[in-house]
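The values are calculated or read from the model by the stated rules, or taken from the named source; none is laboratory data. These numbers come from a predicted model, not from an experiment. Backbone-built Cβ (ideal geometry, glycine too); neighbour counts: all protein chains shown. With ligands, DNA and RNA removed, areas are computed over all heavy atoms of the protein, side chains included. Shrake-Rupley method; radii C 1.70, N 1.55, O 1.52, S 1.80 Å.
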Amino acid sequence: MGVSSMFCMVASRAAAKSYIIAIYACCKSILYPSSQIVIASGTRAQAKLIVTEKISVNLMKESPTLCREIQKIQNNQNDVVVYFKNGSTITVVAANENARGYRATVLICEEFRQVPKIILDSVLSPMLYMRSPTFSKTLEYESIYEQSSSLKEEPVSIYISS
């Protein structure tokens, strides 16, 4: 997941898919400031479990270091968002027409086989954009970053299903 712009994982039930995704999302958020990670699933409740169960309960309980990196977790009727101190976010959305308007540097589609292809193609995939690293905005690196395609980060799509 960390080296490819597209990743697909198909594994049986109870194979720790959501746990792996939670770890990846937190690592990406910490190591790449200002990342916008969107977790989409057929239902919002299903995608919400990655934040409420895996990140809030499991990972934060096991890692004081992760707790120091997270500014707050917003979990209410309308929004489920993990805010990191470095400007990164992990946002939960339902994979439907209402997800329009979100932007993501990393799109995670949980149980993607339950998401209609038309929603994947017309709503979820268009929300991806390239992250602009903080260093690329400094005078020292601005011209180098603009000229070098190898420094530019492609957006990432991750599809998981059982």
* **Heavy-atom SASA rank of Ile144, Ile118 (probe 1.4 Å, accessible area, largest first)** => Ile118, Ile144
* **Accessible-area composition of the chain, carbon plus sulfur, in percent [1.4 Å probe]** => 54
* To do: Note down the net charge around Cys26, summing +1 for each Lys or Arg and -1 for each Asp or Glu among other residues with Cβ under 14 Å from its Cβ.
  => +2
* **GNM flexibility winner over the chain from Val51, Val93, Val123 (Cα, springs under 10 Å)** => Val123
* **Between the stretch 2-81 and the stretch 92-118, the Cα center-to-center distance that results, in Å** => 14
* Structure fact -> To the nearest 10 degrees, the tilt of helix 17-31 (Cα long axis) against the first principal axis of the alpha carbons of the chain is 20
* To do: Could you list, in their original order, any pairs among Lys72/Lys117; Lys28/Lys117; Lys17/Lys72; Lys17/Lys48 whose Cα atoms are separated by more than 22 Å?
  => Lys72/Lys117; Lys28/Lys117; Lys17/Lys72
* Asked: Ratio of Rg to Rh for the chain, alpha carbon only, Kirkwood?
  -> 0.97
* Asked: When only Cα pairs under 8 Å and 6 or more residues apart are kept, what is the percent relative contact order across the stretch 1-64?
  -> 31
* Per-residue [θ]222 nm for the chain (sum of -39500 (n - 2.57) over DSSP H runs n ≥ 4, rounded to 500) -> -6500 deg cm²/dmol
* To do: Only Cα pairs under 8 Å and at least 6 apart count here; give the relative contact order of the stretch 1-133 as a rounded whole percent.
  => 30
* **Under 15 Å, Cβ to Cβ, from Asn58 - net charge with Lys/Arg +1 and Asp/Glu -1** => +2
* Asked: Once label points are set 7 Å from the Cα along Cα→Cβ at both Glu140 and Glu62, what is their separation, rounded to one decimal in nm?
  -> 3.7
